[in-house]
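The values are calculated or read from the model by the stated rules, or taken from the named source; none is laboratory data. Bear in mind the structure is a predicted one, so any value in this text is a computation, not a measurement. Glycine also receives a Cβ, built like all others from the backbone with ideal geometry; neighbour counts cover every protein chain displayed.
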Amino acid sequence: MFVGIGNPLRGDDAFGPELVSRIQGKVRAVCLDVGTAPESYAGKIAREKPGTIVLVDAVHLGKAPGAYELLEKDDILETGFTTHDLSPHLLIDYLEKETGAAVYLLAAQPETLEMGSEMSGPVRETLDRLVDRILARDLTEALNA
């Protein structure tokens, strides 16, 4: 399952929702845009009983804009997770308990999160590249390429 997190009206925060929108119906995975409140969708995610959950969001990684990482649970908790108001520990624990799924975060370093701004060039390039790789190959190979 791919879970897009973010606000499309805040520049690079559109990364998660845009990625899931572009792969929805083209991959053998449930794709869900949860906006800025993933905790509100926790029950819906759990009901799907996915084996793997990939949360997709713009995250302050301390890297150059457009840089991305596929983070595992312990890494997610160390980053502070996202720019949104939720407890990553509670959400991840709930999803793991209810689904038994492995939870990952596909995180892209934003350049701008300003309200009303467009997605930056570096993040858009990363988005295009990741979508192409996800559609062309399996997720693990795509993200490690």
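Within the group I53, I134, I76, which residue is on the phi < 0 side of the Ramachandran plot and either at pLDDT below 90 or not β-branched (V, I, T) (or both)? Unique residue meeting the criteria: I76. For beta carbons closer than 7 Å, sequence separation of 6+ or different chains, a first residue in the range 60-74 that is under 18 Å from V131 (Cα atoms) and a second that is of a type in the set (D, E, K, R), the qualifying pairs are P65/E111; G66/E125.
Considering the range 92-121, the residues that are hydrophobic (A, V, I, L, M, F, W, C), buried (at least 18 other Cβ atoms within 10 Å of the Cβ) and touching a residue at least 60 places away in the same chain (Cβ under 8 Å) include one that is nearest to E72 (Cα to Cα), namely L106.
Residues are listed down the side, and each one gets a yes or a no for (1) of a type outside the set (A, V, I, L, M); (2) surrounded by fewer than 18 Cβ atoms within 10 Å (Cβ to Cβ):
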position: I5; (1), (2): no, no
position: D13; (1), (2): yes, no
position: S21; (1), (2): yes, yes
position: G25; (1), (2): yes, yes
position: A29; (1), (2): no, no
position: V34; (1), (2): no, no
position: K44; (1), (2): yes, yes
position: L61; (1), (2): no, yes
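If you check E39, E18 for being under 21 Å from A101 (Cβ atoms) and either of a type in the set (D, E) or in contact with a Phe, Trp or Tyr (Cβ under 7 Å, 6 or more places away or on another chain) (or both), only one passes: E39.
Here F15 clears all of (1) modelled with pLDDT of 95 or more; (2) closer than 23 Å to S120 by Cβ; (3) in a loop (DSSP other than H, G, I, E, B); (4) not hydroxyl-bearing (S, T, Y) except the condition numbered (3).
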